[in-house]
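Enquirer: Dropping the structure in here first, questions after.
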Amino acid sequence: MNQIKDIKLAPSGHAKINWVKDYMPTLSAIEKDFIKTKPFAGMKIAMSIHLEAKTAYLATVLKNGGADVYATGCNPLSTQDDVAAALSEYGVHVYAVHGDNEENYTARLKKTLSCKPDLMIDDGGDFIALLHAEDKDLGVNLIGGCEETTTGIHRLRQRERAGTLLYPMIDVNDADCKHLFDNRYGTGQSTLDAIMHTTNLIIAGKTAVVAGYGWCGKGIAMRLKGMGARVIVTEIDPVKALEAAMDGFSVMKMDDAAFLGDLFITATGCSDVITRKHFEVMKDGVLLSNSGHFDVEINKKDLLELCVSHEERKPCIEGFTMADGRKLNLLAEGRLVNLAAGNGHPAEIMDMSFAIQAKGLEYLAKNPKKEPKLYAVPAEIDKEVANVKLASMGLALDVLTDEQKEYLGV
């Protein structure tokens with residue numbers, strides 16, 4: 001039996017799903033092929049992923065490819081209850097409710113895995129964590145899976161290095177048609193969209209501090225600059241720090257940036273990026289937000305211990321009043337702001353990411369891997385997705401002549 005908030009919310013969810021379908025032509029092309037070929041016939045697929053409209057469309061594509069699909073969230077605040085209700089009416093098994101506490105959230109992850117899936121999609125590594133701990137028995141049929149995000153890949157690489165990874169996994173995050181567009185353009189736009197919608201405050205004229213200059217941080221910094229912010233980047237990697245400097249941004253330690261920022265956005269995938277010593281010197285009225293997968297980058301324990309009071313100032317904004325009267329504003333409980341306080345990445349961007357997911361699962365189904373390690377997305381899948389996307393945009397490529405091929409040694 002599905003575990004959703006209210007089936008009566010489904011009409012709103014259907015409208016959201018139908019809207020994004022119109023802007024996801026690459027995934028639609030894959031769906032047409034899957035309907036004919038049924039690559040997942042007789043298989044169960046479990047998904048732990050941000051449960052919103054674009055994800056729901058991916059789930060229906062996999063179902064139309066012959067799979068019995070089981071879906072849950074990968075963050076308690078990113079599930080949209082109307083979309084979960086609509087997805088259940090499509091015949092997907094759904095176990096997700098917005099705002100779950102940690103206990104209920106974990107219980108729904110386990111419920112989803114209890115189908116003993118053949119394939120899975122993970123986003124952040126919660127499925128993998130359970131399947132390597134108390135729920136190993138639920139992976140008895142698992143051929144392998146795909147991991148969507150940078151944080152999840154970090155977790156998988158740790159297990160791979162330690163020799164403890166039990167299942168073959170496809171590294172979707174590092175596919176070109178994922179991280180070059182999703183992480184950069186998707187995160188850049190959706191993060192600012194969520195912050196602006198939630199706060200109703202201007203970006204222009206503010207000093208914005210971006211922690212981390214990976215692909216997500218690059219996208220965020222680029223959009224902040226374009227909207228008129230003065231941007232400071234903090235980094236631990238000297239090469240990325242140089243890149244940020246040459247892209248026109250100030251680069252300094254968080255200890256120094258803490259005095260200056262009006263808006264802070266973390267995008268590192270690491271813990272304790274902003275802590276007590278930073279809160280103690282921040283300006284009155286600062287905005288604190290996170291675009292990393294887990295709510296560990298801004299130390300909420302330190303914030304609670306420092307404040308004399310805290311309150312919900314408006315939906316998705318909690319104000320923490322310091323002893324000297326300063327107010328620090330935390331957005332979306334420090335969870336990934338673009339989904340916990342917004343609608344996530346644009347549909348056109350997730351069209352590519354979810355196309356890679358769908359083709360990655362098809363690849364695993366047709367080419368089961370025996371060795372439990374992290375596998376790259378095959379280059380031909382990246383190129384196929386890029387070509388379909390280009391065609392959908394009315395764009396075309398030049399083609400090498402035979403003479404040019406000979407000259408290049410192709």
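Quick note: the coordinates plus some simple rules give every number you see, no bench work behind them. Computed from a predicted structure; not experimentally measured. Backbone-built Cβ (ideal geometry, glycine too); neighbour counts: all protein chains shown.
Enquirer: With a cut-off of at most 16 other beta carbons within 10 Å, and DSSP calling the residue loop, which chymotrypsin sites (Phe, Trp or Tyr not before Pro) in region 252-311 qualify? Please list them. Provide the component values of the computation, followed by the final result.
Expert: Details: sites: 259, 264, 279, 294; in loops: 259, 294.
Sites meeting the loop and neighbour criteria: 259.
Enquirer: Next up: In the chain, once you exclude exposed GluC sites (Glu not before Pro) (DSSP loop, at most 15 other Cβ within 10 angstrom), what's the longest stretch remaining?
Expert: Details: sites that count: 134, 280.
Result for the longest clean stretch: 135-279.
Enquirer: Only Cα pairs under 8 Å and at least 6 apart count here; give the relative contact order of region 96-140 as a rounded whole percent.
Expert: Taking the mean separation of contacting Cα pairs over the length of region 96-140, I get 38 percent.
Enquirer: Once you have all Cα-Cα distances for the chain, histogram them in 10 Å bins from zero and send the whole-percent values.
Expert: 5, 22, 31, 25, 13, 3, 0, 0
Enquirer: Counting only C-alpha contacts under 8 Å and six or more residues apart, can you give the relative contact order of region 166-257 as a whole percent?
Expert: Numbers: 118 pairs, mean separation 22.5, N = 92.
After rounding, I find 25 percent.
Enquirer: If you don't mind, there's one more thing I want to ask. By how many degrees, 0 to 90 and rounded to 10, does the Cα axis of helix 10-21 deviate from the longest principal axis of the chain?
Expert: Once rounded, the angle reads 80 degrees.
Enquirer: Modelled label-to-label distance, residue 374 and residue 154, 7 Å Cα→beta-carbon offset: nm?
Expert: In this crude spin-label approximation the distance works out to 1.1 nm.
Enquirer: Using a Gaussian network model of the chain whose springs link C-alpha atoms within less than 10 Å, name the residue from 205, 334, 125 with the highest mean-square fluctuation.
Expert: Highest fluctuation among the options: 205.
Enquirer: Around residue 294, under 13 Å between beta carbons, what's the net of Lys plus Arg minus Asp minus Glu among the other residues?
Expert: Numbers: positive: 155, 300, 335; negative: 102, 123, 126, 272, 295, 297, 333.
Charge balance near residue 294 sits at -4.
Enquirer: So, one more: Which residue, 211, 340, 245, has the most motion in a Gaussian network model of the chain that connects Cα atoms within less than 10 Å?
Expert: Among 211, 340, 245, the largest GNM mean-square fluctuation belongs to 245.
Enquirer: Quick check: pseudo-label points 7 Å beyond the Cα along Cα→Cβ at residue 19 and residue 6, how many nm apart are they?
Expert: The two pseudo-label positions are separated by 1.9 nm.
Enquirer: All other residues with a Cβ under 13 Å from the Cβ of residue 200 taken together, and with Lys, Arg as +1 and Asp, Glu as -1, what is their net charge?
Expert: On the way: positive: 313, 314; negative: 193.
Summing Lys/Arg as +1 and Asp/Glu as -1 gives +1.
Enquirer: What does the C-alpha gyration tensor say about the overall shape of region 369-410? Classify as rounded when a/c is under 1.5, otherwise prolate if a/b is larger than b/c, or oblate. Spell out each step's value before the answer.
Expert: Working: a/c = 5.43, a/b = 1.45, b/c = 3.75.
In terms of gyration-tensor shape, oblate.
Enquirer: Hey, another quick one. Computed from the mean reciprocal separation of all distinct C-alpha pairs, what Kirkwood hydrodynamic radius does region 284-410 have, in Å?
Expert: On the way: mean 1/r = 0.0516 Å⁻¹.
When all Cα pairs of region 284-410 are included, the Kirkwood radius is 19.4 Å.
Enquirer: Rounded to whole Å and sorted largest first, list the principal axis extents of the Cα atoms in region 90-187.
Expert: 34, 34, 26
Enquirer: Still on this model: Using every alpha carbon pair in region 124-175, what percent of pairs falls into each 5 Å bin from 0 up to the bin containing the largest distance?
Expert: Reading the bins upward from 0: 5, 22, 33, 27, 12, 2, 0.
Enquirer: Taking the chain as the reference, fit the longest principal axis to its C-alpha atoms, fit the long axis of helix 53-64 to the helix C-alpha atoms, and give the angle between the two in degrees, 0 to 90, nearest 10.
Expert: The two axes meet at around 10 degrees.
Enquirer: As a test of the formula, what do you get for the chain when each DSSP H run with n ≥ 4 contributes -39,500 (n - 2.57) and the sum is divided by the residue count, at 222 nm and rounded to the nearest 500 deg cm²/dmol?
Expert: Details: 17 runs with 171 residues, N = 410.
After summing the helix terms and dividing by the residues of the chain, the value is -12500 deg cm²/dmol.
Enquirer: Express in % the proportion of alpha carbon pairs of region 196-351 at distances exceeding 24 Å. Working shown, then result.
Expert: Working: 3372 of 12090 pairs.
In whole percent, the long-distance tail amounts to 28.
Enquirer: Can you tally the net charge around residue 106? Count Lys and Arg as +1, Asp and Glu as -1, for every other residue whose Cβ sits under 14 Å from the Cβ of residue 106. Present the calculation step by step, with values, prior to reporting the outcome.
Expert: Numbers: positive: 108, 110, 111; negative: 100, 102, 103, 126, 134, 135.
Charge balance near residue 106 sits at -3.
Enquirer: Please report the spacing between the Cα centers of region 237-304 and region 376-409 in Å, no decimals.
Expert: What the calculation gives is 39 Å, centre to centre.
Enquirer: Over the chain, what is the mean sequence separation of C-alpha contacts under 8 Å (at least six apart), divided by residue count, expressed as relative contact order in percent? Before the final figure, lay out the partial values.
Expert: Numbers: 876 pairs, mean separation 67.9, N = 410.
For the chain, the relative contact order is 17 percent.
Enquirer: Of the candidates 323, 396, 15, which one comes out as most mobile in a Gaussian network treatment of the chain with C-alpha springs shorter than 10 Å?
Expert: 396
Enquirer: How tilted is helix 347-366 with respect to the longest principal axis of the chain? Cα atoms for both, answer in degrees (0 to 90, nearest 10).
Expert: Computed tilt is about 40 degrees.
Enquirer: So, one more: Going out from 0 in 5 Å bins, what whole percent of all Cα-Cα distances in region 1-111 drops into each bin?
Expert: Going out from 0 Å in 5 Å bins, region 1-111 shows 2, 14, 24, 24, 19, 11, 5, 1, 0 percent.
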